[in-house]
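Enquirer: One structure, as structure tokens, below. Some questions next.
The values are calculated or read from the model by the stated rules, or taken from the named source; none is laboratory data. Quick caveat: nothing in here was measured; it's all calculated off a predicted structure. Cβ sites come from the backbone with ideal geometry, for glycine too, and all protein chains shown count toward neighbours. Protein only, heavy atoms only, side chains kept; ligands, DNA and RNA dropped before computing areas. Shrake-Rupley method; radii C 1.70, N 1.55, O 1.52, S 1.80 Å.
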Amino acid sequence: MSVGLTGEDTENAGTLRRYGAGPGRYIEALSERLHSHDNNLADRYWSRHNVEDLLAERTRFFDDLLTEIWQKFIPEQAQRQLCLFAVGGYGRGEQFPHSDVDLLILAKKPSAWSTEIRAFLQCLYDLNLEIGHSVRRLSDCKKEAHQDITVATAMYERRYLVGSENLSGKLDKVLSANRLWPAAKFFRAKRDEQEARHRHFDNVEYGLEPNLKASPGGLRDLQTVIWVLQRQFGTSEPRDLEKIGALTTQERTWFLDGQRFLWWVRFGLHLLAGRKEDRLQFEYQRGLAERLGFADTGAKRGVERFMKMYYQHVLELREVNDVVMQYFEESILRGREKPTIEPINERFRIRNNYMEACHDKVFSDTPSSLLEIFVIMANRRDIAGVRAETIRMIRGHLHLIDDDFRRNPEVTSLFMDLLKAPYTLVSQLTRMRRYGVLGRYLPEYGEIIGQMQHDLFHIYTVDAHTMMVIRNMRRFHYRSSEELFPVACHCVRNIPKIELLYVAGLYHDIGKGRGGDHSELGATDVIKFCSQHGLTDDDTELVAWLVRQHLTMSSIAQRKDLYDPDVILEFATEVKSVRRLDYLYALTVADINATNPTLWNNWRATLLRQLYGETRKALRRGLESPLDKQATIRACKESATEKLLGYGVTEEQIRDVWQVPGNEFFLRHTPRQVAEMTRLMQQHDPHATPLVMLHVQKGQVSDEGATEISVYVADRQYLFASTVAALNQLGLSVYDANIHTSPSGLCLNTFIVLDEQGNVAGKRQSERDHLQDELTKILSQSNEFPNIAKRRLPRQLKQLPTATRVKITNHAGATASELNLIASDRPGLLASIGLLFAELGISVLNARITTLGERVEDVFTIQNEAGFPIASDEEIYLLENTIRQRLDRQLAVAR
């Protein structure tokens, strides 16, 4: 029931004041008290005062404040017919600095006292409190609680504040009726509610910017446990829960420590944000880490140490939630069912589709059973999970996983059997991670649990990312993945020992967080693993190579010219065999898709597939028989010439046109494409207007590929900058650029672009015609520089800026310099860079554009105005610093 102010306040039987028109003296006095109290709590919080005390004090303060206001505006006669309750978080006593004040006003007849109720609520609004309220009769409460589990839950955790105790007692009686929400029905509803919430977060507790309240393992999971316990047993005290067997001592400790930690973080988050906020965004992660004393160390930043502590608590809380919810399912839903039991062996059996130990000495008598249980589940499809008591037994025997356990051939054989198992490998590895087994068995893996990478490129912790890599590898077995990942599926089918791919996936990032090259550290660790698990020397060498080179294929695909046979030969020489190429491609694709879903776009997929295909051809052909680049160019020219002569183009006209493009033109295009583009160029006067040619490069998958835009035009100042600005204006992102200017002053510049969603631009002919016409129109305005389209800088990019780094390198014998640029991504960045190059007199010959989360890593081949490399140290220093300072200044303004 929403209310507006119509009544007036009488102070000291005198002055009348309408609160909606402005705060009166009473409101001002209350406001001062409120601000003084909150400021005092904030000071004590930053001084490391116990957060439980702060929450309790703030709750008591509001209890007293609301009671005082209630008694001021609600006359004595009305108080016998009205009752005020705290509900929701306020009802639980969890009143954070900017939490809502959730209230239930129970009334025998709401309309009889509507003026007084409105005046009471208006006073709260005038205090700028976030009020959530409802005004209900007893019958309304019963009806609403019956229809809506959320309303029922809020009422179940109500707390009496002031008003008619008789009315409060009647509500107690209404809500305590078992028929309203029987324990079994209530549990099902809260379980379904939780599962839906977890699905919203992809069932991952390790998100980049987690929600303290709603993410898996967050406060809502704790509250769900408390609600169900309260409904079933009439208590929510952890000590009582331990006595009845719903919690173990360890779980109670995790519960209380985790709750205290999340309260601590949430209190500080509200203070930093200055509002109600549950998302732990980047800027707040850094701010909290700094103010709560998490200093940077040599190996880790303070914010990563802070977030690792967060994730460790969340993992424990998720485990408590899972075990307790399963305990409820067994005791509440299935307590009266006759169990279906299937013996597995003398150690394990299946009870109602859940694994359980046959007796409480299974793990102490046979420590290898700590792995055996997961191997059994990975070889069957009909096991839903592990019973709560057995999970607790596993956790209680983790101390048995020591060096002797790890060296035991029976144990190492079981682990390799797990990696070879046909079903649910990722589910079992995830269970092992959550129960503590995987981190104990592989101590190096234990070190990365909760290890956050504070950037937009990696959106999960290292351990969660690792599980997703292996999940992707498993998906490459499924027919449903063939359409999106045809080459990866082909590779996985041809891999002779799939377990080697999984080992490489487990170890590819395991060296992160230690400082140094994580690929080399991981290779060292995986060699020890292979030796301990009895792998052959050949298999060990392959796995170590995969870990060491797991970034190589992606790097080459994004940074090198894949049309250059020398690039392919160099990579093929490193790979050595098609077998190793299959392993590396599958690992690379699984890794990219597990790092950040946005990284796998059409262009990246096309590049990787092209690199795979060309390298496979080179390996089949033999490394001793590489492609001759000049022979390839000659063959393309001969075939294209034959077609052009058929069009009526003379050899002299062909020679004139071919003085403009460089060799890349003939390496990047088929003879048919060369002939068609040459014919168009020969018919066009580039001094009059630009010739814009569009070609959609189709990938093996229907949605893959990119759009190639070639511009044939007379050279002029700011041409590169103008072109990329025009493309930006048309909503196109440049992923690759090849710039060639002939001695005669004619240019053939080629750009590979995608639309703003990362898809092929101009799929339909009408769209291509529109792009062609618009680009021609913009570039024909030779005296005007196109406006760089203004787009809002995304919040995450504002909060995680990357300091610009510029490095100019000159390679021996090269006719141009290489400029490597790392900077924060932002809308229109390439257009800004192009304009800056033009101002500095830099000519761009080639550009490779790579976007990695919040940053770009671009490589430009450049020359000075005279057409030579940037050679002098002074000139290099000046250019590097000018570009860096200018781009950082632009970003600061955008933020």
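Enquirer: Select the helices (runs of 4 or more DSSP H) contained entirely in the range 35-116, then report the ones holding at least 1 residues which are within 30 Å of residue 214 (Cα to Cα) and charged (D, E, K, R).
Expert: In the range 35-116, 51-73, 88-92 are the helices (runs of 4 or more DSSP H) which contain 1 or more residues that are within 30 Å of residue 214 (Cα to Cα) and charged (D, E, K, R).
Enquirer: Follow-up question, since we're still on this one. Just for the range 663-679: of the residues that are in a loop (DSSP other than H, G, I, E, B) and under 13 Å from residue 738 (Cβ atoms), which one is most open to solvent (accessible area, probe 1.4 Å)?
Expert: Step by step, filter the range 663-679, then rank; the result is 663.
Enquirer: Can you tell me which residues in the range 212-244 are touching a residue at least 12 places away in the same chain (Cβ under 8 Å), in a loop (DSSP other than H, G, I, E, B) and open to solvent by less than 40 Å² (accessible area, probe 1.4 Å)?
Expert: If the condition is that a residue be touching a residue at least 12 places away in the same chain (Cβ under 8 Å), in a loop (DSSP other than H, G, I, E, B) and open to solvent by less than 40 Å² (accessible area, probe 1.4 Å), then 212, 214, 215, 216, 217, 218 are the ones that fit.
Enquirer: Enumerate the pairs (first residue in the range 37-53 and within 20 Å of residue 64 (Cβ to Cβ); second residue anywhere and open to solvent by 70 Å² or more (accessible area, probe 1.4 Å) and not hydrophobic (A, V, I, L, M, F, W, C)) with beta-carbon separation below 7 Å, excluding pairs fewer than 6 apart on the same chain, so at least 6 apart or on different chains.
Expert: 52/260
Enquirer: Residue check, residue 510 against (1) assigned to a helix (DSSP H, G or I); (2) under 26 Å from residue 435 (Cβ atoms); (3) of a type in the set (A, V, I, L, M, F, W, C), all met but one. Which one?
Expert: (1)
Enquirer: Output the number of residues of the range 857-878 satisfying the condition of being in contact with a strand residue (DSSP E or B) (Cβ under 7 Å, 6 or more places away or on another chain) and without any contact (Cβ under 8 Å) to a residue 12 or more places away in the chain.
Expert: 0
Enquirer: For the range 86-107, indicate whether the set of residues that are without any contact (Cβ under 8 Å) to a residue 60 or more places away in the chain, over 27 Å from residue 43 (Cα atoms) and surrounded by fewer than 18 Cβ atoms within 10 Å (Cβ to Cβ) is non-empty.
Expert: Checking the range 86-107: not a single residue is without any contact (Cβ under 8 Å) to a residue 60 or more places away in the chain, over 27 Å from residue 43 (Cα atoms) and surrounded by fewer than 18 Cβ atoms within 10 Å (Cβ to Cβ).
Enquirer: For the subset of the range 624-662 comprising residues that are outside any helix (DSSP H, G or I) and touching a Leu at 6+ places or on another chain (Cβ under 7 Å), which member is nearest to residue 567 (Cα to Cα)?
Expert: Once the filter is applied, the top-ranked residue is 626.
Enquirer: Yes or no: the range 784-802 includes at least one residue that is open to solvent by less than 60 Å² (accessible area, probe 1.4 Å) and modelled with pLDDT of 80 or more.
Expert: no
Enquirer: Being under 44 Å from the mean Cα position of the chain (by Cα) and basic (Lys, Arg) is the filter here; which residues of the range 169-184 pass it?
Expert: Within the range 169-184, 179 is the sole residue that qualifies.
Enquirer: Does the range 320-340 contain any residue that is at pLDDT 95 or above and of a type in the set (A, V, I, L, M, F, W, C)?
Expert: The answer is no; no qualifying residue exists.
Enquirer: Out of the residues in the range 809-827 that are part of a strand (DSSP E or B) and of a type in the set (S, T, N, Q), state the one that is surrounded by the fewest Cβ atoms within 10 Å (Cβ to Cβ).
Expert: Initially, the range 809-827 is screened for residues part of a strand (DSSP E or B), giving 809, 817-824.
Checking the rest, the ones that are also of a type in the set (S, T, N, Q) come to 809, 817, 820, 824.
Details: 809: 13, 817: 23, 820: 15, 824: 23.
Step by step, filter the range 809-827, then rank; the result is 809.
Enquirer: Just to be sure before I move on: is residue 271 open to solvent by 30 Å² or more (accessible area, probe 1.4 Å), over 17 Å from residue 317 (Cβ atoms), in contact (Cβ under 8 Å) with a residue 12 or more places away in the chain and of a type in the set (A, V, I, L, M) in the structure I sent?
Expert: The answer is yes for residue 271.
Enquirer: What number of residues in the range 638-657 are surrounded by 19 or more Cβ atoms within 10 Å (Cβ to Cβ) and either under 50 Å from the mean Cα position of the chain (by Cα) or at pLDDT below 90 (or both)?
Expert: 2
Enquirer: Separate question: Only one of these is of a type in the set (Lys, Arg), in a loop (DSSP other than H, G, I, E, B) and either open to solvent by 10 Å² or more (accessible area, probe 1.4 Å) or modelled with pLDDT under 95 (or both): 392, 406, 433, 380. Name it.
Expert: 380
Enquirer: Another question, then. Among the numbered conditions (1) buried (at least 18 other Cβ atoms within 10 Å of the Cβ); (2) under 28 Å from the mean Cα position of the chain (by Cα); (3) more than 23 Å from residue 601 (Cα to Cα), tell me where residue 856 comes up short.
Expert: Here residue 856 clears every test but (3).
Enquirer: Another question about this same structure. Could you please tell me which pairs satisfy a Cβ distance under 8 Å, a separation of 6+ or placement on different chains, a first residue in the range 131-148 that is closer than 29 Å to residue 97 by Cβ and assigned to a strand (DSSP E or B), and a second residue that is modelled with pLDDT under 95 and open to solvent by 70 Å² or more (accessible area, probe 1.4 Å)?
Expert: Close Cβ pairs (under 8 Å, with a partner that is modelled with pLDDT under 95 and open to solvent by 70 Å² or more (accessible area, probe 1.4 Å)) amount to 131/125; 133/1; 134/1; 135/1; 136/1.
Enquirer: How about the range 326-344: which of its residues are among the hydrophobic types (A, V, I, L, M, F, W, C) and either open to solvent by less than 50 Å² (accessible area, probe 1.4 Å) or not in a loop (DSSP other than H, G, I, E, B) (or both)?
Expert: 328, 332, 333, 341
Enquirer: Quick one: in the range 138-156, which of the residues that are in contact with a strand residue (DSSP E or B) (Cβ under 9 Å, 6 or more places away or on another chain) and crowded, with 18+ Cβ neighbours inside 10 Å is farthest from residue 166 (Cα to Cα)?
Expert: The extreme case among them is 151.
Enquirer: Determine which single condition residue 838 fails, assuming it passes every other condition in (1) without any contact (Cβ under 8 Å) to a residue 60 or more places away in the chain; (2) closer than 28 Å to residue 743 by Cβ.
Expert: Exception for residue 838: condition (1).
Enquirer: Please go through the range 357-375 and pick out each residue that is crowded, with 21+ Cβ neighbours inside 10 Å and farther than 16 Å from residue 248 by Cβ.
Expert: Selection gives 362, 369, 370, 371, 372, 373, 374.
Enquirer: Next up: For the range 859-875, which positions are open to solvent by less than 50 Å² (accessible area, probe 1.4 Å) and either assigned to a loop (DSSP other than H, G, I, E, B) or out of contact with any Asp or Glu (no Cβ under 7 Å at 6 or more places or on another chain) (or both)?
Expert: 860, 862, 863, 864, 867, 869, 870 - these are the residues of the range 859-875 that are open to solvent by less than 50 Å² (accessible area, probe 1.4 Å) and either assigned to a loop (DSSP other than H, G, I, E, B) or out of contact with any Asp or Glu (no Cβ under 7 Å at 6 or more places or on another chain) (or both).
Enquirer: Turning to a different aspect of this structure: Go through the range 436-454 and give me each residue that's aliphatic (A, V, I, L, M), modelled with pLDDT of 95 or more and over 18 Å from residue 391 (Cα atoms). Explain how you work it out, then say what you get.
Expert: Quick first cut of the range 436-454, residues aliphatic (A, V, I, L, M) only: 437-438, 442, 448-449, 452.
Add one more test, that the residue is modelled with pLDDT of 95 or more, and what stays is 437-438, 442.
Passing the criteria: only 442.
Enquirer: Okay, moving on. Six or more apart or on different chains, Cβ under 9 Å: which pairs go from a residue in the range 274-298 that's hydroxyl-bearing (Ser, Thr, Tyr) to one that's crowded, with 16+ Cβ neighbours inside 10 Å and at pLDDT below 90? Could you list them?
Expert: The qualifying pairs are 284/209; 284/799; 297/305.
Enquirer: Please give the strands (runs of 3 or more DSSP E) falling wholly within the range 680-764 in which 1 or more residues are open to solvent by 40 Å² or more (accessible area, probe 1.4 Å).
Expert: The strands (runs of 3 or more DSSP E) meeting that bar are 691-698, 732-741.
Enquirer: Next up: Out of (1) in a helix (DSSP H, G or I); (2) in contact with a Phe, Trp or Tyr (Cβ under 7 Å, 6 or more places away or on another chain); (3) open to solvent by 10 Å² or more (accessible area, probe 1.4 Å), the odd one out for residue 190 is which?
Expert: (3)
Enquirer: Check 205, 195 and return the single one that is farther than 23 Å from residue 59 by Cβ, surrounded by 15 or more Cβ atoms within 10 Å (Cβ to Cβ) and not hydrophobic (A, V, I, L, M, F, W, C). Break it down into steps so the answer makes sense when it comes.
Expert: On the way: 195 fails: surrounded by 15 or more Cβ atoms within 10 Å (Cβ to Cβ).
The conditions single out 205.
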